[in-house]
C-alpha cells in the first residue's frame with residue numbers, strides 16, 4: 001500500500017518513512033515456523049480486487065475532496081480543505097488541478113514534459129519527464145520531493161498494494177461514502193495509522209482514505225474522498241500552452257513557492 005512508502009508522509013506532511021532492513025543472522029540457527037500473515041487472506045483479496053479495478057480503467061476523471069490538518073506551535077490543530085481533479089489517460093497522460101482558498105496549482109504531463117503552473121501568479125516551470133505517468137510521478141518525487149495522491153493511486157493500478165510495512169490490519173465493516181456502500185479497512189504501521197474504504201459493488205474502486213501521523217504527538221490527520229468518472233480526452237487537454245502573460249521560472253522555485261493564492 002502507498003502508506004508503506006514515503007508517499008504516506010507526503011500526504012500527512014511528514015518526513016519520509018525509512019524502513020531499515022534487519023542485519024543478516026550470523027551462523028546457523030534452527031528454522032522457525034512461518035509466522036501467520038499480518039493481513040489475512042480476505043483483506044488481501046479485497047485489496048487485490050481494488051487493484052484490479054484500478055488496472056482496468058484506462059481513461060478517467062478522478063475528483064478528491066481533501067482535508068488536511070496543520071499543527072500550530074502551541075499544539076492546536078487547524079484543518080484546511082482542497083479539491084483535486086485529475087484527468088488521466090494511461091499510460092502517459094495526466095492533468096491535475098488542485099484548488100483551495102490558499103493555493104491553486106495546475107500540473108500538465110504530456111508523455112514527455114511535466115509543467116507546474118500557478119494560475120494566480122502566472123508563473124510556470126517545465127521539466128523533461130519519463131515516458132509513463134507512473135515513472136514520471138516517481139521521478140518527480142525522488143528529484144524534487146513533490147508527491148501527490150495520484151502517485152499512490154497509479155502505483156495501485158500498476159503493481160498492486162504493498163503491505164510489507166503493515167503491523168495490523170482489520171476489517172471495520174460496511175460504511176456509506178458519497179451514496180455508495182463501501183467496506184472499511186484499518187491498518188497500522190510504524191509512524192502511520194491509515195484507513196481505506198473500497199466500493200463494495202463493481203468496480204471496486206477506492207472510496208476514501210484517512211491517514212494519521214502517529215509520530216507526531218498531536219496526530220494530525222489527512223483524508224480524501226474520491227469520485228471516479230470514465231471519460232475520453234484529446235492530447236490537447238494534457239498539453240500546457242502558456243498564457244500570454246505567463247512567466248517561466250525554474251521548477252525548484254515553483255515547488256518551493258508557499259503562502260497566499262498561487
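Here, each number is a calculation from the coordinates, and none is a lab measurement. These numbers were taken from a predicted model, which means no experiment stands behind them. Heads up, the Cβs are rebuilt from the backbone with ideal geometry, glycines too, and the neighbour counts pull from every protein chain shown.
Quick notes on this structure:
- Linear extension gain, residue 249 paired with residue 113, 0.36 nm per residue minus alpha-carbon span: 47.5 nm
- With q set to 0.20, 0.22, 0.24 Å⁻¹, the log10 of I(q)/I(0) for segment 46-94, from the Debye formula over equal scatterers at the Cα positions, is -0.79, -0.84, -0.90.
- Isotropic mean projected area of the C-alpha convex hull, segment 205-254 (nm²): 7.3
- Extension gain, residue 180 to residue 100, is 26.2 nm, computed as 0.36 nm per intervening residue step minus the present C-alpha separation.
- Convex hull volume per residue, computed on the Cα atoms of segment 86-187, equals 152 Å³.
- When each of 65, 40 is scored by the number of other beta-carbon atoms lying within 10 Å, the sequence from fewest to most is 40, 65.
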